[in-house]
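Right, one structure below, let's go through it.
What follows draws every value from the coordinates through simple rules; no lab data is involved. Computed from a prediction, not measured in an experiment: that's the story for all the values here.
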Amino acid sequence: MIIANWKMNGSKDLIKDWITSVSENIKIQDEKECVFCPPVGYLNLSIELIKEKELGIKLGSQLIESNLSQPLTGGVSPEMLVDLGCEYAIIGHSEQRTYYNENDSQLINKIEAAIEENIKPIYCIGENSEQKKNGTKQEVLMKQLDLIKSNYLSHLVVAYEPIWAIGTGENAEVSHINETHAFIKEYIKTISNTANEIPVVYGGSVNLNNYKEIYSSELVNGLLIGGASLEPINFSIIYNQS
Ligand code: 13P
């Protein structure tokens with residue numbers, strides 16, 4: 001699966017141009033999902049255009065609220081996302097863990113709230129450069145993976161996004177990605193060894209020069225692309241040729 005995470009980028013015109021260009025250049029395959037995650041303010045416009053072009057791209061939200069029992073200014077509930085045509089939601093992105101101070105219990109609630117409405121969480125995990133240096137990557141990942149309960153297993157996508165690789169132009173080496181994805185897949189099996197394998201996708205400075213090598217690993221089930229997803233022709237090439 002190939003996922004475009006636009007983060008806080010875009011405008012109505014850019015969304016229109018991107019969807020028009022992608023619809024002319026991409027060849028969607030049933031067995032390889034393509035997910036577009038624009039800012040929430042553009043979800044409605046995006047789904048209308050995707051439908052108009054019969055594009056076959058799925059929609060994902062960058063935001064989802066789990067605190068549903070009280071008035072909440074600014075909240076975007078899972079029901080609203082379903083109403084808007086979303087099938088996925090990014091949860092636990094390192095930028096939100098940092099700037100929105102998201103903690104583990106909020107993340108568990110978000111994952112649960114999403115799954116209850118049949119929205120698939122794209123659950124992001126990853127170590128920072130300090131943790132990479134001091135050799136605590138596996139402990140960090142285990143703690144993040146401990147939030148996954150066995151009844152989530154058929155609903156979830158895990159995104160391994162080493163924080164030091166996000167937006168830096170310094171993607172992880174394929175050997176690092178392979179070793180880490182193998183670890184994640186093994187650790188997930190300890191949650192339930194009868195479970196189907198959860199897709200594990202990689203994100204962090206994926207671009208036109210490195211996507212092929214990264215995606216060629218059989219341990220990499222997809223790519224979560226930030227900056228390089230903004231350019232529609234490049235994004236279409238990455239999708240078509242990965
Ligand atoms: P970049 O591809 O810009 O490094 O962003 C990765 C990311 O955070 C996607 O969620």
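Okay, here's what the table says:
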read-out: Nonlocal amide H pairs with residue 159, under 5 Å, H built at 1.01 Å; value: 123, 124, 125, 201
read-out: Amide H within-cut-off set for residue 32, under 5 Å, with H built and near neighbours excluded; value: none
read-out: Between region 1-59 and region 156-198, the alpha-carbon center distance in angstrom; value: 25
read-out: Members of 132/212; 27/189; 32/143 lying beyond 27 Å, as alpha-carbon distances in this model show; value: 27/189; 32/143
read-out: Computed over region 52-114, Kirkwood Rh from alpha-carbon pairs, angstrom; value: 12.6
read-out: Estimated vicinal HN-Hα couplings, Hz - region 90-102 in sequence order (Karplus 6.51, -1.76, 1.60; Gly, Pro = x); value: 7, 10, x, 4, 4, 5, 7, 4, 7, 7, 9, 6, 6
read-out: Integer Hz, Karplus 6.51/-1.76/1.60 couplings in order for region 156-170, x for Gly and Pro; value: 10, 10, 9, 10, 8, 10, x, 4, 5, 9, 7, x, 9, x, 10
read-out: Long-range HN-HN contacts of residue 76 with modeled amide H, under 5 Å; value: 65
read-out: Estimated 222 nm signal from helices in the chain, with DSSP H stretches of n ≥ 4 weighted -39500 (n - 2.57), rounded to 500; value: -11000 deg cm²/dmol
